1. Give just the number: which of (1) touching a helix residue (DSSP H, G or I) at 6+ places or on another chain (Cβ under 6 Å); (2) at pLDDT below 95 does A:Val113 not satisfy?
2. Restricting to the stretch A:92-114, name every residue that is among the aromatic types (Phe, Trp, Tyr) and more than 7 Å from chain B (Cβ to nearest Cβ).
3. Which members of the stretch B:1-25 meet the condition of being farther than 13 Å from B:Thr106 by Cα and of a type in the set (D, E, K, R)?
4. May I ask you to list the residues in the stretch A:23-44 that are basic (Lys, Arg) and over 23 Å from A:Gly99 (Cα atoms)?
5. Taking the stated definitions as given, is A:Tyr101 in contact with a Lys or Arg (Cβ under 7 Å, 6 or more places away or on another chain) and modelled with pLDDT under 95?
6. How do the pairs read when you match residues in the stretch B:58-82 that are exposed (fewer than 13 other Cβ atoms within 10 Å of the Cβ) with residues anywhere that are among the small types (Gly, Ala, Ser), using Cβ under 7 Å and keeping only pairs 6 or more apart or on different chains?
7. Examine the stretch B:28-36 for a residue that is under 19 Å from A:Arg36 (Cα atoms), among the polar types (S, T, N, Q) and within 14 Å of another protein chain (Cβ to nearest Cβ), and state whether such a residue exists.
8. Show me the strands (runs of 3 or more DSSP E) found entirely inside the stretch A:35-114 where at least 1 residues are of a type outside the set (Phe, Trp, Tyr) and out of contact with any strand residue (DSSP E or B) (no Cβ under 7 Å at 6 or more places or on another chain).
Amino acid sequence: DAGVIQSPRHEVTEMGQEVTLRCKPISGHDSLFWYRQTMMRGLELLIYFNNNVPIDDSGMPEDRFSAKMPNASFSTLKIQPSEPRDSAVYFCASRPIWGDYGYTFGSGTRLTVV
Amino acid sequence: KQEVTQIPAALSVPEGENLVLNCSFTDSAIYNLQWFRQDPGKGLTSLLLIQSSQREQTSGRLNASLDKSSGRSTLYIAASQPGDSATYLCAVSDYKLSFGAGTTVTVRA
């Protein structure tokens, strides 16, 4: 398996623009997680899905952030409008819902908002 | 809310020395605990997964222990090498993964 695939690897955008981050989980993994990593706050959970359904979005910082999972093999995290404080590395992770399995992380998207 | 603490925050040792990294967590109702490695500017690489019913897990020079009752885990790295220089993250899983802030390790040649 190719692992969790995220795109793009790097994104530089201007304040106010819409940004869309993409994630393809490992086939057969039915839980998907979006994390954000910053120097100040470390790794924070933004939202997670089970079987494509959002379960907990309490970590989503504000209404400017939205996430979707239209099918088992694809998820998006959208920021509209983007702000400089959104600059961070965004990670996607997946795991099977049932069983005592660990999490597999993607390589991340480094977002810079100028 | 689960709180995960890692001590020390940074560690510098000469090559060949054994490393001991500590992790503590506040809620013992966890499914498992996972140790990750992160190189600068890179993603997270899973090192070891300790299931809640296990006491320890080993992979090569790495050994991790888990004491759920006291809320502690320790990662041991034997005979450290410069290539072990990285940030090591401890994460505990209930319905989600909660991370510590990490221990940044530097192994001096």
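The values are calculated or read from the model by the stated rules, or taken from the named source; none is laboratory data. Just so it is clear, the structure is predicted and the values come from calculations on it, not from any experiment. Here Cβ is always computed from backbone atoms with ideal geometry, including for glycine, and neighbour counts include all displayed protein chains.
1. So A:Val113 meets the others, but not (2).
2. Answer for the stretch A:92-114, where residues must be among the aromatic types (Phe, Trp, Tyr) and more than 7 Å from chain B (Cβ to nearest Cβ): A:Trp98, A:Tyr101.
3. Within the stretch B:1-25, B:Lys1, B:Glu3 meet the criteria.
4. Result: A:Arg36, A:Arg41.
5. Yes, satisfied.
6. B:Ser69/B:Ser28; B:Ala79/B:Gly16; B:Pro82/B:Ala109
7. yes
8. The strands (runs of 3 or more DSSP E) meeting that bar are A:53-56, A:65-71.
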